[in-house]
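Below is one structure, written out as structure tokens; comments come after it.
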Amino acid sequence: KPTAFVVENDATAAIAINHLIRAGIGVPEDVSLIGFDDTIMASSCIVPLTAIHQPVERIARTVGELLLERLQDGYDGAPRRVAIQGEVVARESTAVV
């Protein structure tokens with residue numbers, strides 16, 4: 001049986017926590033849960049949710065800068081790939097391994 005789930009966003013993860021607890025499955029005793037976004041919902045769940053914080057402002061700024069380079073500066077080189085690191089915000093929904 002699974003011991004952990006990584007869920008697409010905090011809202012869905014919060015719903016999953018509620019359903020798991022109602023089904024008698026302990027979070028994190030029986031299963032760990034991680035969400036994405038690190039919204040206010042993550043810290044206020046019945047079991048505070050471990051989440052991947054996505055630096056949305058930095059992502060948007062970088063996209064805007066790359067777009068302006070193409071539009072204003074005439075950049076016509078190859079498409080570029082930029083990696084922007086998120087971070088794990090550990091809370092009570094994950095068990096220590």
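Need one word for the range 33-82: rounded, prolate or oblate. Basis is the Cα gyration tensor (sqrt eigenvalues a ≥ b ≥ c); a/c below 1.5 gives rounded, then a/b vs b/c decides.
prolate
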Longest segment of the chain lacking trypsin sites (Lys or Arg not before Pro) that sit in a DSSP loop with at most 15 other Cβ atoms within 10 Å: 1-79
Value at 222 nm in deg cm²/dmol, rounded to 500, when DSSP H runs of n ≥ 4 in the chain each add -39,500 (n - 2.57): -11000 deg cm²/dmol
Just one of [x] 59, 25, 19; [y] 37, 25, 23; [z] 45, 32, 14 is Cα extents along the principal axes in Å as worked out from the coordinates here. Which one is it? [x]
Against the 2.2 N^0.38 Å scaling, with N counting residues, where does the range 55-97 land? I'd like the Cα-based Rg ratio to two decimal places. 1.82
Average accessible surface area per residue within the chain, 1.4 Å rolling probe, Å²: 70 Å²
Any chance you could give the angle, 0 to 90 degrees and rounded to 10, that helix 10-22 forms with the longest Cα principal axis of the chain? 10 degrees
As an exercise, use a Förster radius of 41 Å and the Cβ-Cβ distance of ILE59 and ILE25 to find the FRET efficiency, rounded to the nearest 0.05. 0.75
Antiparallel versus total DSSP beta bridges in the chain: what percent is that, nearest 5? 30 percent
Out of the range 11-97, which GluC sites (Glu not before Pro) are coil in DSSP terms and have no more than 10 other C-beta atoms within 10 Å? GLU29
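The values are calculated or read from the model by the stated rules, or taken from the named source; none is laboratory data. What you see is a predicted model; the values in this text were computed from it and never measured. Positions of Cβ are generated from backbone atoms using ideal geometry, with glycine treated the same way; all protein chains shown enter the neighbour counts. The area values use the complete protein model at the heavy-atom level, side chains included, leaving out ligands, DNA and RNA. Shrake-Rupley method; radii C 1.70, N 1.55, O 1.52, S 1.80 Å.
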